[in-house]
């Protein structure tokens with residue numbers, strides 16, 4: 001690793017949280033004579049790249065910034081470079097730097113620095129609002145603020161899987177959510193089809209998510225995770241409030257998927273270009289009754305399989321008095337085969353927005369999981 005990259009890493013580690021981009025700019029100015037540096041973060045709707053300090057939002061799909069973001073590769077146009085700001089598959093945005101010489105080595109160094117910036121942004125974001133506030137094009141509702149802070153991220157990539165999820169309406173979501181975690185041998189994924197309105201819905205989802213995390217981190221199996229969360233919700237609401245959850249655990253060595261369906265969203269399999277709904281044993285939603293016993297079921301994924309989890313807000317989205325429906329959903333999912341999971345999720349949400357001619361009224365959650373097979 002060369003000295004400018006090393007210096008940039010040290011600078012990012014030592015610079016105050018609110019001045020990360022300025023710190024990078026100082027290093028790039030001295031090392032390469034670069035005088036223009038700006039961070040563009042993707043907004044909550046995945047539809048705009050918003051500047052951290054000044055400039056107009058970038059919306060056009062053909063813009064170099066979006067090409068760098070979509071393809072996750074650095075791009076130089078004239079003397080300006082657009083660099084993906086991403087870490088472990090989580091795409092935060094792009095870094096614009098200029099002037100940049102026509103030297104592939106310099107472009108590779110700049111791309112490495114942009115990745116280091118992504119890691120540092122992830123590290124400092126819990127302690128500052130600077131970057132979170134700059135990536136919203138409108139005010140979040142309180143319920144949506146709570147939901148977004150609850151998420152583990154929007155995308156994740158490991159050698160054996162790729163994963164992405166999105167909530168809609170992004171700036172006013174209430175109860176739908178998702179959560180995931182992996183330890184190198186297993187991947188856990190949960191999706192929540194929330195109920196209720198406003199903060200009451202987000203509080204219910206937050207309770208369920210934290211109860212499930214508590215049980216998962218204690219090493220309990222899926223059925224016991226569901227039972228613990230079910231009891232926590234029942235103890236709080238005595239059956240007056242409940243919510244639907246789908247719990248999945250993927251063995252990364254074998255492709256075996258374990259599932260608990262607690263009144264869950266729809267689970268759809270895309271295999272070899274064909275779309276089928278995965279049959280699940282429907283069980284009671286969490287919190288409906290006291291001391292519910294949950295049962296696990298298993299099936300095996302094949303290398304190259306893609307799973308979608310979609311809540312009823314997707315299928316039941318209505319435009320011009322017509323439901324989006326399962327036929328349109330299956331047809332669209334079939335077209336996502338060549339896309340990366342985050343692009344597939346974003347495209348489906350975009351199709352829904354076009355169908356309803358605006359933001360969705362009801363909550364919707366979409367999660368896409370690609371199984372690429374066991375890895376050494």
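Descriptive notes on the structure:
- Qualifying residue in the stretch 134-148 (condition: outside the structural domain of residue 82 (by TED's automatic domain parsing), under 14 Å from the mean Cα position of the chain (by Cα) and within 30 Å of residue 288 (Cβ to Cβ)): yes
- Only one entry in 133, 143, 123 is buried (at least 18 other Cβ atoms within 10 Å of the Cβ) and in a helix (DSSP H, G or I), namely 143.
- For residue 109, the requirement of being surrounded by fewer than 13 Cβ atoms within 10 Å (Cβ to Cβ) and either modelled with pLDDT under 95 or not assigned by TED's automatic domain parsing to the domain that holds residue 166 (or both) is not met.
- Qualifying residue in the stretch 92-101 (condition: assigned to a loop (DSSP other than H, G, I, E, B) and at pLDDT below 95): yes
- Residues that are in contact (Cβ under 8 Å) with a residue 40 or more places away in the chain and within 22 Å of residue 289 (Cα to Cα) number at least 2 in the following strands (runs of 3 or more DSSP E) confined to the stretch 187-278: 244-251.
- Only residues that are buried (at least 18 other Cβ atoms within 10 Å of the Cβ) and part of a loop (DSSP other than H, G, I, E, B) were counted across the stretch 154-165, and they come to 2.
- Qualifying residue in the stretch 52-67 (condition: exposed (fewer than 14 other Cβ atoms within 10 Å of the Cβ) and at pLDDT 95 or above): yes
- Residue in the stretch 339-350 that is in a loop (DSSP other than H, G, I, E, B), in the same structural domain as residue 235 (by TED's automatic domain parsing) and at pLDDT 90 or above present: yes
- Residue within the stretch 285-301 that is outside any loop (DSSP other than H, G, I, E, B), under 26 Å from residue 69 (Cβ atoms) and in contact with a strand residue (DSSP E or B) (Cβ under 9 Å, 6 or more places away or on another chain) present: no
- Restricted to the stretch 256-268, and to residues there that are modelled with pLDDT of 95 or more and surrounded by fewer than 19 Cβ atoms within 10 Å (Cβ to Cβ), the residue that is farthest from residue 159 (Cα to Cα) is 258.
- Some residue of the stretch 221-240 being surrounded by 17 or more Cβ atoms within 10 Å (Cβ to Cβ), under 30 Å from residue 331 (Cβ atoms) and out of contact with any helix residue (DSSP H, G or I) (no Cβ under 6 Å at 6 or more places or on another chain): no
- Among the residues examined, residue 191 qualifies as within 26 Å of residue 361 (Cβ to Cβ), surrounded by 14 or more Cβ atoms within 10 Å (Cβ to Cβ) and in contact with a strand residue (DSSP E or B) (Cβ under 7 Å, 6 or more places away or on another chain).
- Filter result for residue 245 (under 29 Å from residue 172 (Cβ atoms) and surrounded by fewer than 20 Cβ atoms within 10 Å (Cβ to Cβ)): no
- Number of residues in the stretch 303-328 that are buried (at least 23 other Cβ atoms within 10 Å of the Cβ) and in a helix (DSSP H, G or I) equals 2.
- Each residue in the stretch 321-357 was checked for being within 17 Å of residue 44 (Cβ to Cβ) and over 21 Å from the mean Cα position of the chain (by Cα), and 0 pass.
The values are calculated or read from the model by the stated rules, or taken from the named source; none is laboratory data. Quick caveat: nothing in here was measured; it's all calculated off a predicted structure. We place every Cβ from the backbone using ideal geometry, glycine too, and count neighbours over all the protein chains shown.
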